[in-house]
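In what follows, a single structure is set out as structure tokens and then discussed.
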Amino acid sequence: YQGVKRRFSEKQIADITVIDDYAHHPTEIDATLDAARQKYPNKQIIAIFQPHTYSRVIAYKDEFAKSLEAADKVFLADIFGSAREKAGSVTSAEIGAEISKFGG
């Protein structure tokens, strides 16, 4: 057994440590950002987040925003739909607007 892929997988690129993690729920984002902050307490934490499914963003938009506030900077990619939902009534920008409302 080789373990779970995309769970806090680290790669060094010059002086930057890239952590790839398939956190797709707010509690997983909390855990990943907390682990990164503990392991690299003196480093800037930059989150690049691609939400997965429109229905999940609708259900957890505020929670995603609160979780992502733990990062020093956040970049949001477009929502990755599923085979069942190729488009939706919500965008990643709405998560960004919520982060701004919470003071991030």
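What follows is calculated from the coordinates using simple rules that are stated; it is not laboratory data. This structure is a prediction, so every number in the text was calculated from the model and none was measured. Don't worry about glycine lacking a Cβ; one is built from the backbone with ideal geometry, like all the others, and counts go over all protein chains shown.
Can you work out D for the chain in µm² s⁻¹ from Stokes-Einstein, where Rh is the Kirkwood radius over C-alpha pairs, the temperature is 25 °C and the viscosity is 0.890 mPa s?
Answer, rounded: 170 µm²/s.
Given the options 71, 59, 83, state which has the largest fluctuation in a GNM of the chain using a 10 Å cut-off (strictly under) for Cα springs.
83
Neighbouring Cβ atoms within 10 Å as the yardstick, rank 61, 11 fewest first.
11, 61
Between the range 75-104 and the range 21-53, how many Å separate their Cα centres?
Each part's Cα centre sits 16 Å from the other's.
Over the range 39-99, what is the relative contact order in whole percent, taking alpha-carbon pairs under 8 Å and six or more residues apart?
Reported relative contact order: 44 percent.
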